[in-house]
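To start, the structure under review is shown below, and the notes come after it.
The values are calculated or read from the model by the stated rules, or taken from the named source; none is laboratory data. Here the structure is a predicted model, which means the values were calculated and not measured. Every residue, glycine as well, gets a Cβ built from its backbone with ideal geometry; the counts of neighbours run over all protein chains shown.
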Ligand code: TYD
């Protein structure tokens, strides 16, 4: 697989501020002259966003863990074919909010399907595409869960006001033990692949977390994320 661009993924529990940090990094990289694609999973394509609605809507009942994992990979396979690989082929920087580490942490650990199944499916369905760098945002478990719940309840209320277009609460309804397993799953991935995964402490203020993210990108990828050092 040709890899002229750079593939950076953001991972972590719900409510660790991934989306905010990704947006900030994208702005910095663009200011430094890079072409950047921002995307997310599940989703990122028209088909993927439909799959996302099924996966995250709390009205989706009785979805088996295997079906859930299959849908995550269906969204991802489409996403790679339609968005990620073409952008990398064009030398762009792809920033992706969640990727296969999420499936390993949530379905593999959280749902107890195991890492092996996830990694095998990744090889078969995703051509084993690996990020060049993964930023794993880490914060206190209770704080992350609380933040994600507050945010999603607010979004669900707004959706209700717009005629009830569905919520994104299905995962938030899991208990603390589930999220503790997800957290452990992420920690195990970081230990296994220290060359790819950088754990960033997200417990402080957002600006400080942002500086750590930029530092990791500069250091690990030799990609400048500050306008001053514009070099391409
Ligand atoms: P996301 O929109 O990133 O939620 P948040 O902003 O709250 O972090 O992801 C939606 C949910 O989908 C999240 O709870 C994690 C879950 N998920 C999986 O369980 N497996 C996966 O492979 C992916 C990509 C997401």
Pairs under 8 Å by beta carbon, first residue within 13 Å of residue 14 (Cα to Cα) and modelled with pLDDT of 95 or more in segment 101-120, partner near the ligand (Cβ under 8 Å from one of its atoms) and part of a loop (DSSP other than H, G, I, E, B), six or more apart or different chains? 102/41; 106/171
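Among the listed residues 195, 204, 210, identify the single one that is on the phi < 0 side of the Ramachandran plot and in contact with a helix residue (DSSP H, G or I) (Cβ under 6 Å, 6 or more places away or on another chain).
Values: 195 fails: in contact with a helix residue (DSSP H, G or I) (Cβ under 6 Å, 6 or more places away or on another chain); 204 fails: in contact with a helix residue (DSSP H, G or I) (Cβ under 6 Å, 6 or more places away or on another chain).
Every option except 210 fails the conditions.
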Out of the residues in segment 113-130 meeting the condition of being assigned to a loop (DSSP other than H, G, I, E, B) and more than 13 Å from the ligand (Cβ to nearest atom), tell me which one is farthest from residue 6 (Cα to Cα). 114
Condition check for residue 58: closer than 17 Å to residue 106 by Cβ and at pLDDT below 95: yes
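Answer yes or no as to whether residue 39 is crowded, with 17+ Cβ neighbours inside 10 Å, within 13 Å of the ligand (Cβ to nearest atom) and in a helix (DSSP H, G or I).
no
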Yes or no: segment 172-187 includes at least one residue that is at pLDDT 80 or above, within 29 Å of residue 50 (Cβ to Cβ) and surrounded by fewer than 11 Cβ atoms within 10 Å (Cβ to Cβ). yes
Is it the case that some residue within segment 89-100 is within 15 Å of the ligand (Cβ to nearest atom) and assigned to a helix (DSSP H, G or I)? yes
Residue among 30, 23 that alone is more than 15 Å from the ligand (Cβ to nearest atom), free of Cβ contacts under 8 Å to residues at least 60 places away in the same chain and in a helix (DSSP H, G or I): 30
Show the residue pairs that are 6+ apart or on different chains and have beta-carbon atoms under 6 Å apart, the first residue being within segment 58-80 and in contact (Cβ under 8 Å) with a residue 60 or more places away in the chain, the second being assigned to a helix (DSSP H, G or I) and within 12 Å of the ligand (Cβ to nearest atom). 60/54
Among the residues listed as 48, 44, the single one being part of a loop (DSSP other than H, G, I, E, B), surrounded by 21 or more Cβ atoms within 10 Å (Cβ to Cβ) and within 13 Å of the ligand (Cβ to nearest atom): 44
The lone exception for residue 71 - which of (1) within 13 Å of the ligand (Cβ to nearest atom); (2) part of a helix (DSSP H, G or I); (3) in contact with a helix residue (DSSP H, G or I) (Cβ under 8 Å, 6 or more places away or on another chain); (4) farther than 21 Å from residue 118 by Cα it fails: (4)
Being more than 19 Å from residue 144 (Cα to Cα) and under 14 Å from the mean Cα position of the chain (by Cα) narrows it down to one residue among 33, 43, 15; which is it? 43
